[in-house]
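As structure tokens, the structure follows; a few thoughts come after it.
Throughout, read-outs are computed from the coordinates displayed, never taken from laboratory work. Quick caveat, the model's predicted, so the values are computed rather than measured. In this analysis, Cβ positions are derived from the backbone assuming ideal geometry, glycine residues included, and neighbour counts consider all displayed protein chains.
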Amino acid sequence: MERLRIDLGERSYPILVGPGLLHDAAVVAGSVAARDVLVVTNTTVAPLYLPRLERALEGKRVASVALPDGEQYKTLETLARVFDALVEHRLNRDACVVALGGGVVGDMAGFAAACYQRGVDYVQVPTTLLAQVDSSVGGKTGVNHPGGKNLVGAFHQPRAVIADTDTLKTLPPREFRAGIAEVIKYGLIADAGFLDWIEAHLDALLRLDGTALTHAIRRSCEVKAEIVAEDEREHGRRALLNLGHTFGHAIETATGYGEWLHGEAVGAGMLMAADLSCRLGWIGAGDVARIRALLERAGLPVVAPPIGVGRALELMGMDKKVLAGRIRLVLMRTVGEGVVAVDYPADALQSTLSAHFGATA
């Protein structure tokens, strides 16, 4: 088992990574201090891993709620079912919410924990690659709105993250590939050597080689942990973690939350960020081609839907990184060094959007 730590003072917590962790009652029960527990999961994950988690929590009073599976259900309406379960089972402020599932489950369970009785503990047990390397770490929680992704939410740090790599064996290949996009992101924004490693070991990752997976998850979490410890609430450097997300969220919102997986949209968005970085003279055309080739090798889509420049700008204008009416974009000063850009030529962004989204909707 690999053990990392998010250093946030009294809100610090461990990230545990390795195979078979859900079988280890000492790991699971040791991460959940509360006597009363609500497990939030979904209808796909529950049959696979809920009984195993319940056994690891033996001796505690455990209830559960299984939500419908899919990004399209990441709504306030679905979130109400978590609150209903908390009330139904008469859980109090000393209870703990355990998120068992992917990023949608983790975001909603964390948001419910942030709000219920003004805040209760929660523990992340991510079962997708995307959640294990990204969304389970850092304390961002929330739900989507028809007008934009993750517009309603809160910062609420978990007490622990337990990433059992064995759960990835039951992950559909498309979902796994979507998680690879977030792994690539860390190389692009902060570690060119890690990007080299991903290129050399991508085949091993795609065949779920345990050693490669553990390294990829650990290194991704290390990068995120360092950035979050420096900027917990995204006032500055933490925005780098959103490489590709402003473009990607526009794709997800325009296509109705579900047609594109989050990681797929982020992958296409990273290619658009690379395109704009090249237009600004920061990276070369060869770098853009390299990024495109890696995304294609990972089985990720590189052609964005033709939503049009106008619709793209409308949706990007609702992004949480917009300040004073200016769209802040995460770009690449070099491959391996991300930068938050505000003062960029509008015509360069227009050219990128036109090239990828089409001039008209």
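Remarks
- Remark: the range 104-120, residue by residue, has Karplus-estimated 3J(HN,Hα) of 5, 4, x, 5, 6, 5, x, 5, 4, 5, 5, 9, 5, 6, 6, x, 10 Hz, where x stands for each Gly or Pro and the curve is 6.51 cos²θ - 1.76 cosθ + 1.60 at θ = phi - 60°.
- Ellipsoid fit via the Cα gyration tensor, the chain: semi-axes of 33, 22, 18 Å, each the root of five times an eigenvalue, largest first.
- Potential lengthening between residue 211 and residue 75 on full extension [0.36 nm per residue; Cα-Cα distance subtracted]: 45.3 nm
- The H on the amide N of residue 67, modeled in the peptide plane, is under 5 Å from the matching H of 41, 42, 43, each at least 5 residues off or on a different chain.
- Rounded tilt (10° steps) of 76-88 against the dominant C-alpha axis of the chain: 10 degrees
- Per-residue ellipticity at 222 nm computed for the chain from its helices equals -14000 deg cm²/dmol, with DSSP H segments shorter than 4 residues left out and the rest contributing -39,500 (n - 2.57).
- Here's how it looks for residue 98: its modeled amide H is under 5 Å from those of 38, 39, 40, 123, which are all 5 or more places away or on a different chain.
- Relative contact order, percent, the chain [alpha-carbon distance under 8 Å, six or more residues apart]: 15 percent
- Antiparallel %, DSSP beta bridges [both residues in the range 2-170], to 5: 30 percent
- Backbone phi angles across the range 143-150, fed through the Karplus curve with coefficients 6.51, -1.76 and 1.60 (θ = phi - 60°), yield HN-Hα couplings of 9, 8, 10, x, x, x, 7, 6 Hz in residue order; Gly and Pro are listed as x.
- In sequence order, calculated HN-Hα J values of the range 265-270 (Karplus, 6.51, -1.76, 1.60; Hz; x Gly/Pro): 5, 5, x, 4, x, 5
- Cross-linked pairs 140/224; 140/169; 74/224: Cα-Cα separations exceed 22 Å for 140/169; 74/224.
- Reducing the range 249-312 and the range 130-188 to their Cα centroids gives an inter-centroid distance of 18 Å.
- Added length on full extension, which subtracts the Cα-Cα distance from 0.36 nm per residue, residue 233 to residue 350: 39.1 nm
- Sites residue 334 and residue 204 - FRET efficiency at Förster radius 25 Å, r taken between beta-carbons, to 0.05: 0.40
- Comparing 129, 198, 49 along the charge dipole axis of the chain, the residue lying farthest to the positive side is 49, per the Cβ-charge model.
- Cα long-axis angle, helix 173-190 against the chain (0 to 90 degrees, to the nearest 10): 70 degrees
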